[in-house]
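What follows is a short report on a single structure.
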Amino acid sequence: MTFYVTTPIYYANSFPHLGHLYTMIVADAIARSKRQRGVETFFLTGTDEHGINIERAAQRNNRTPKQQADFVVDYFKKMADAFGLDTAHGGYDIFMRTTNPFHYEGVGEFWRRVAKAKTPKGNDALYKGHYEGWFCAPCAAYKTEDEYAKAANPNDPPTCLIHETKLDRVSEESYFFRLSDFDEALLHLYESRDFVRPEARRNEVKSFVASGLQDLSVSRLRTSVSWGIPVPDDPQHTMYVWFDALTNYITAIGFGNEQQNRADGFEKFWPALHLVGKDILRFHAVYWPAFLMAAGVEQPRAIVAHGMWVDPTGRKMSKTLGNTIELDVLNKYFPIDAIRYFCLREMVFGQDGRFGYEGLIDRTNSDLASGLGNLSSRTLTMIQRYCDGRIPSRAISDEARLPAKRAGVETDDATVSKLLAQARDQFIKQFDDFNFSRALEEAWAIVARVDKMISDARPWDLAKDQSQRQTLNAVLYRAAETLRWLAVLLYPVMPSTSRDTYRQIGLTDEVSSIDPQTLNWGDLSEGTGINEIKPLFPRIDKARTMEEIKSQESGVGGRESVSPAAGSTEAEGSGQHATEAEAVPGVAYIDIADFAKIDLRVGEVKTAERIPKADKLLLITVDIGEEKPRQILAGIAQYYEPENLIGRKIVVVANLKPRKLRGYESQGMLLAASVGDEGKPVIATFAEEVPNGARLK
Ligand code: MSP
C-alpha cells in the first residue's frame with residue numbers, strides 16, 4: 001500500500017510565512033501518521049517558480065528569474081530545516097521545483113496529451129482564440145467581475161479584491177482550454193465520492209461549477225510573459241503558470257519523464273491527496289481535475305482544503321497591520337512540537353483559525369506543560385520514588401481488589417483496555433478525517449482521565465501503607481502504560497516529544513514505526529527501568545516572553561534593515577504573503593554594533609546644481625555640523641529641481657568612503673526611499689526641527 005500527500009508549491013517570489021509553515025506541518029503530520037502505520041508514503045512540497053511575478057521581482061533585484069527563485073528557495077529550505085520538516089528530519093521526500101528540467105519534459109508531455117484530447121462533449125479540448133480581460137499579476141489570474149472592484153473613474157482599471165492592486169488589461173492570442181465542456185463530468189466526480197473535503201467546501205465548488213464554466217486561457221504570448229514553459233511546438237506561447245504548476249504533482253513522481261519515474265514511480269504513488277488553502281481550491285478542484293480528465297490521467301485521491309490563519313481578533317494578517325506571526329520568533333521562543341500541536345489543535349480543519357503568540361503560550365502552558373508534560377513527569381517521578389525506577393506490576397490480587405476500587409482504580413484489565421482502545425480508534429478516525437482538533441481532544445480526554453485517577457487514588461498516601469502496595473503499583477502502571485499509548489498516538493503531531501516520552505519510560509524501539517492499531521494493553525513490561533526524567537515542556541513565562549517578543553518586533557534599526565531583500569520581492573497580498581526574509585530563521589542579522597558603524601547625520605542642503613552632461617546627477621553641498629559643508633553627488637536630478645532642495649534637512653551617511661564621479665568627489669550619500677517599479681527616489685527628511693550634525697541612532 002502506498003500514499004502520496006502534497007502541499008501546494010509556493011510562489012518563489014516572496015519569503016516563507018506562517019501560511020506555508022502551516023500547510024507543511026499538516027502534510028508532515030499526515031505523512032508521519034501513514035508511515036507509522038507501515039504505509040509507504042511520498043510527501044511533496046516545493047516551489048512554483050514561473051510567471052510574471054517572479055520575472056518582475058527578478059528585474060527589480062537585478063537577477064535572472066532563476067537566480068531570484070534560487071534565492072527564495074534557499075529560505076524555504078532553511079525554514080523546513082529549522083522546523084524539522086525536511087527529509088533529514090523525516091519530513092518531505094521531494095522539494096519540487098518547477099524549474100527542474102524533468103518537469104519541463106513532463107509538462108510538455110501533459111500539454112501534448114491535452115492538445116490531442118476531446119472533451120466529454122466531443123470537442124477539441126484545446127483551441128486557439130483571443131483573450132481580452134483583466135489580469136491580476138500577483139494572483140497570476142484573470143479576474144471575473146465578482147473578483148475585482150471597479151474604479152470610481154470608468155477610465156481607470158479595476159482593483160483586485162485580494163491584492164488591492166490595479167489590474168492589467170490584457171488582449172492577445174491565447175490557447176484556450178475548453179473548460180465549459182467539463183461541467184457535467186466534474187459534477188459527477190464531486191457526487192461520486194468525497195473528492196473535495198470538507199463538505200462545506202465541496203458544496204461551494206459544486207455551485208461554482210453548476211453555475212456554468214467559462215473556457216480558460218492557458219497560454220500567454222512569449223512577448224508578454226517569457227519566464228515560463230514554452231508551449232510544445234508553438235514556442236511563441238508560454239504556458240499559463242497554473243497549468244505548469246498543477247502538473248508538478250505528477251511530473252515529480254515521473255509522469256512524462258524517465259528520471260523521476262525511475263526514482264519514485266508514478267504508477268506506485270499516484271493518485272495524491274492534495275492539501276490546499278481554501279484560496280486556491282478552485283484551481284485544484286475544478287481546473288486540475290478537468291486537465292487530468294482531458295489528459296486521461298486518474299483523478300487525485302482527494303482535495304482537502306484548510307482555512308486561513310487570522311489574528312486573534314479575527315483580522316487578516318498583514319505587515320501593514322503589524323499583526324503577522326514571525327517565523328523567527330516562533331522558532332526562537334517555542335518548541336517545534338508546541339507549534340505543531342497548536343496548529344493542529346487550534347484550527348478546526350476547514351475553518352479559519354486564530355493565531356497569536358499569547359494563545360500559543362497559553363496552550364503550551366495549559367495543554368502541554370500542565371497537561372501532558374505534568375502527567376508524564378509526575379508518573380515517572382513517582383515510579384522513581386516508590387518503585388525504584390522500575391515499571392511496577394499491574395496485577396491486583398483478589399484481596400487487593402476492594403481497596404483498589406475504593407481508591408478509585410478500575411481493576412478490571414479488560415475494561416481499561418477497552419476504554420483506551422476506543423479512545424485510540426476515535427483518535428485515528430478523527431485524524432484520518434482531517435479533524436485534527438477533535439483527535440487531539442480525544443487524546444487530552446485520556447490525559448485528564450489518568451490525571452484524575454492519580455489525584456483520586458493519592459499514590460503519595462498509598463505509599464505510606466504497605467497493605468496498599470498493589471493499588472499503588474496498579475495506579476502507576478496504568479499511568480505509565482497510558483503514557484506509552486499516548487506517545488505512540490501523538491507521534492505524527494509531536495514527533496520529538498513522543499520520542500522523549502518513550503525513552504523516558506525506558507523503551508528503546510522507534511516510536512515512528514509503531515502502528516497505533518497494534519497497541520496492546522499490558523505490553524509495557526513489568527521491571528522496565530525508566531530513564532532520566534526531563535520535563536517535556538517547560539512552562540513559558542508569558543509576561544516576560546511577550547515583552548521580549550514585542551521588543552524584538554519593534555527592533556532597533558527597523559526590521560526591514562535586516563532583510564536581505566526587504567521590499568525587493570513582490571508582495572502577493574492574500575493572507576500575509578508579504579512577510580520578508582527576516583521572518584526566516586538563520587537569516588544574517590546584524591547586531592547593534594554593526595549598525596553603529598554607520599555614521600548617519602542630519603544635514604542641511606546649502607547649495608544644489610545640475611552637472612553638465614550628467615542628466616541624473618545633482619551636485620549638492622550639505623552642512624552636517626562640520627567646519628566645511630560636504631559635497632555630495634546624488635542621482636536625483638530627474639526628480640528634484642535643485643532650487644527646491646536648498647534649506648532642506650536630510651539624512652547623510654557621513655562615513656561612506658569618498659569616491660569620484662564625473663570628476664567630482666562625493667563625500668557621502670543622502671538617504672532616500674526608492675519607490676515603485678522605476679525606483680523613484682524620495683528624500684528622507686524630518687517632521688520636527690533638528691540641528692545640523694545630529695546623529696541618527
Ligand atoms: N503557487 C500557488 C500554489 C500552486 S499549487 C500547484 C500558491 N502559492 S502561495 O505561496 O501563495 O500559497 C501557498 C499556500 O499557502 C496556499 O495553500 C495558501 O492557502 C497558504 N496560505 C497563505 N496564507 C495563509 C494563511 N494566512 N493561513 C493559512 N494558509 C495560508 O498559491
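The values are calculated or read from the model by the stated rules, or taken from the named source; none is laboratory data. As the structure is a prediction and not an experimental result, all values here were calculated from the model. A quick note on method: Cβ atoms are made from the backbone with ideal geometry, for glycine too, and the neighbour counts reach across all protein chains shown. When the accessible area is computed, the model is the full protein with side chains, heavy atoms only, and any ligands, DNA or RNA have been set aside. Shrake-Rupley method; radii C 1.70, N 1.55, O 1.52, S 1.80 Å.
The table that follows gives values for the structure above.
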item	result
Debye-sum result for the stretch 635-697 in log10 I(q)/I(0), which assumes one identical scatterer on each alpha carbon, at q = 0.12, 0.15, 0.27 Å⁻¹	-0.37, -0.58, -1.35
List Phe266, Phe208, ordered by accessible area with a 1.4 Å probe, largest first	Phe208, Phe266
Rounded percent of accessible protein surface that carbon and sulfur make up, the chain, 1.4 Å probe	48 percent
Ratio Rg/Rh [Cα only; Rh per Kirkwood] for the chain	1.06
Spherically averaged projected area in nm², based on the convex hull that wraps the Cα atoms of the stretch 289-392	11.8 nm²
Calculated over the stretch 99-238: convex hull of Cα atoms, volume per residue (Å³)	153 Å³
Probe 1.4 Å, all protein chains present, accessible-area order of Met308, Met96, largest first	Met308, Met96
Rg over Rh, two decimals, the stretch 435-549 (C-alpha only, Kirkwood Rh)	1.02
Calculated from backbone phi, Karplus (6.51, -1.76, 1.60) coupling profile of the stretch 430-435 in Hz, x at Gly/Pro	5, 4, 5, 8, 6, 8
Positive-end residue of Ser376, Ser393, Asn435, charge dipole of the stretch 329-476 with Cβ unit charges	Ser393
Karplus (6.51, -1.76, 1.60) ³J(HN,Hα), θ = phi - 60°, over the stretch 275-288, in Hz, Gly and Pro reported as x	9, 9, x, 4, 5, 10, 5, 4, 5, 7, 9, 10, 5, 4
Surface per residue (accessible, 1.4 Å probe) for the stretch 354-518, Å²	42 Å²
Diffusion coefficient, µm² s⁻¹, Stokes-Einstein with Kirkwood Rh over alpha-carbon pairs of the stretch 354-518 at 37 °C and 0.692 mPa s	197 µm²/s
Rg/Rg_ref, the stretch 594-683, where Rg_ref = 2.2 N^0.38 Å and atoms are Cα	1.05
Theoretical FRET efficiency, 1/(1+(r/R0)^6), r = Cβ-Cβ of Glu665 and Thr313, R0 51 Å, to 0.05	0.40
Surface/4 of the Cα convex hull for the stretch 30-171, nm²	13.6 nm²
Count of lysine pairs in the stretch 626-691 with Cα separation under 23 Å (8 or more residues apart, or interchain)	5
Summed residue charge, Cβ within 13 Å of Arg610's Cβ, Lys/Arg positive, Asp/Glu negative	-1
Alpha-carbon centroid distance for the pair the stretch 433-487 / the stretch 66-91, whole angstrom	40 Å
Residue-averaged 222 nm ellipticity for the chain, from DSSP H runs of 4+ at -39500 (n - 2.57), nearest 500	-11500 deg cm²/dmol
Positive-end residue of Ala457, Phe355, Gly307, charge dipole of the chain with Cβ unit charges	Ala457
Inter-site label distance for Tyr127 and Asp456 at 7 Å from Cα along Cβ, in nm	7.3 nm
List Tyr664, Tyr22, Tyr148, ordered by accessible area with a 1.4 Å probe, largest first	Tyr664, Tyr148, Tyr22
Per the chain, cysteines lacking a partner by the 4.7 Å Cβ criterion	Cys343, Cys387
Area accessible to solvent at Ser211, 1.4 Å probe radius, in Å²	90 Å²
Cleavage-rule hits, trypsin sites (Lys or Arg not before Pro), the stretch 380-410, DSSP coil, Cβ neighbours within 10 Å at most 11	none
For the stretch 616-670 versus the stretch 196-211, the gap between their alpha-carbon centres in whole angstrom	61 Å
For the stretch 3-109, diffusion coefficient by Stokes-Einstein and Kirkwood Rh (Cα), 37 °C, 0.692 mPa s, µm²/s	227 µm²/s
Dipole of the chain, positive end: most advanced residue of Val605, Ala137, Trp242 [Cβ charges, Cα centre]	Val605
The stretch 242-299: trypsin sites (Lys or Arg not before Pro) falling in loop per DSSP and having at most 15 other Cβ within 10 Å	none
Heavy atoms of Val622 accessible to a 1.4 Å probe, total area in Å² rounded to 10	0 Å²
Among beta bridges that DSSP assigns inside the stretch 33-150, antiparallel share in %, nearest 5	50 percent
Net dipole in debye of the chain [+1 Lys, Arg Cβ; -1 Asp, Glu Cβ; about Cα centre; nearest 20]	820 debye
Kirkwood hydrodynamic radius over Cα pairs of the stretch 219-351, then Stokes diffusion coefficient at 10 °C and 1.306 mPa s, in µm²/s	88 µm²/s
The stretch 146-193: C-alpha pair distances exceeding 16 Å, %	63 percent
Residue-count net charge about Gln36 - beta-carbon cut-off 14 Å; Lys, Arg +1, Asp, Glu -1	0
Rounded to 5, the percent of DSSP beta bridges in the chain classed as antiparallel	70 percent
Pairwise FRET efficiency - Gln236 versus Gln67, Cβ, R0 = 41 Å, nearest 0.05	0.95
Debye, to nearest 20: dipole size of the stretch 1-117, +1 on Lys, Arg Cβ, -1 on Asp, Glu Cβ	200 debye
5 angstrom amide H check on His237, placed H, neighbours 5+ away	Arg222, Val231
Equivalent ellipsoid semi-axes - Cα gyration tensor, the stretch 173-222, angstrom	26, 11, 9
Members of Lys128/Lys206; Lys316/Lys429; Lys429/Lys550 lying beyond 30 Å, as alpha-carbon distances in this model show	Lys316/Lys429; Lys429/Lys550
Electrostatic dipole magnitude of the stretch 354-518 [Cβ: Lys, Arg +1; Asp, Glu -1; Cα centre; debye, to 20]	400 debye
Eligible aspartates and glutamates near Lys150 by straight Cα distance, threshold 14 Å, same-chain separation 8 or greater	Glu164, Asp168
Proportion of all alpha-carbon pairs of the stretch 57-121 beyond 21 Å (%)	50 percent
Long-range amide H partners of Trp227 with built H, under 5 Å	Gly51
Area accessible to solvent at Ser174, 1.4 Å probe radius, in Å²	0 Å²
Ranked packing of 681-688, 407-414, 527-534, most packed first, by mean Cβ within 10 Å	407-414, 527-534, 681-688
The stretch 5-65 - Kirkwood radius from inverse mean 1/r over Cα pairs (Å)	13.2 Å
